[in-house]
Amino acid sequence: MHIDSRAGFLGLATLFLLFRIHIVDRLSIDVAPSATIGDTDSDTSLLIDVTDTYNILSPKLNLSTPIHTHRIHTTLEDSVHFQLSDDAEWDSLVPQDGLFHLEKGGETLSIGMFHQLRCLNILRRRQLDPDGADEDVVRHCLNYLRQAVLCRASPRVDPLVGKGKGYYVWTPRECVDWNPVYDTVEKLQQEYGLSSMEEEGGRVMV
C-alpha cells in the first residue's frame, strides 16, 4: 500500500478512530441481521430481543436475553493502538466474528455493535488492499455506518482534529460499559455453540 503522505495516513487513522469512538460512545446494539435490542440514554438494562423483527421470518421465534450493564465515565483519546495495519487488534474487537445463537441450533445472530465493528474493519482492510475487497460488502458497510451515525444524530460537540491541530484528548464522557455486552455474547457462544463467517458458508456477508 502506498499513501501519499504521513498527513494522509494520520487523517485516515483519525477517521477510523472517530468511527470507533462513535460506536463505543453510543453502543448501538441492534441485533443483525434482523432483530433489535431496546436501549435508551437513561436505561442501562439492555435486551437482546428477536421478537419484533423475526416474527415475519419465523413467527414461532420468541427469545430474549438481558444484558445487565451500567454507565461509566471514560476519556476517549487518540491511541497508539488500532492503527490501520494492526490486524490482530482489530480482529480482537469481534470475538468469533460476533456471531451467536439464543438456542441450540438456532438462528445465527449478531448485535449491531459487532456489525459496525466488522464493517469498520472491512473498510480498514479495503484501504490496505483495494483489490482484495468485495465491493458489494464495502458498499453495504459505507451505507450501514452512514445510516447508523445519522440514526444516533449525536449533538455532542467534538474537538476538531486536523493539520496543525495535533492530537487532542477528549474530555471525559459517559458511555455504556461494553464489557458486559462482550461477556453476555461470549457466554451465549459457549452455551449454544460457536459460529463463524466460514461456518455460515458465505451466507452472512458481514
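Looking only at the range 75-100, residues that are modelled with pLDDT of 85 or more and either part of a helix (DSSP H, G or I) or surrounded by 15 or more Cβ atoms within 10 Å (Cβ to Cβ) (or both) come to 17 in all. Considering GLU107, GLU103, the condition of being in contact with a helix residue (DSSP H, G or I) (Cβ under 8 Å, 6 or more places away or on another chain), in contact (Cβ under 8 Å) with a residue 40 or more places away in the chain and surrounded by fewer than 13 Cβ atoms within 10 Å (Cβ to Cβ) is satisfied by GLU103 alone.
Any residue at all in the range 109-122 that's assigned to a loop (DSSP other than H, G, I, E, B) and at pLDDT 90 or above?
no
Residues of the range 138-160 that are among the aliphatic types (A, V, I, L, M) and over 21 Å from LEU123 (Cα atoms): ALA153, VAL157, LEU160. Would you check if ARG156 is at pLDDT 85 or above and of a type in the set (Lys, Arg)? No, not satisfied.
The values are calculated or read from the model by the stated rules, or taken from the named source; none is laboratory data. Everything quoted here is computed from the prediction, not taken from an experiment. Glycine also receives a Cβ, built like all others from the backbone with ideal geometry; neighbour counts cover every protein chain displayed.
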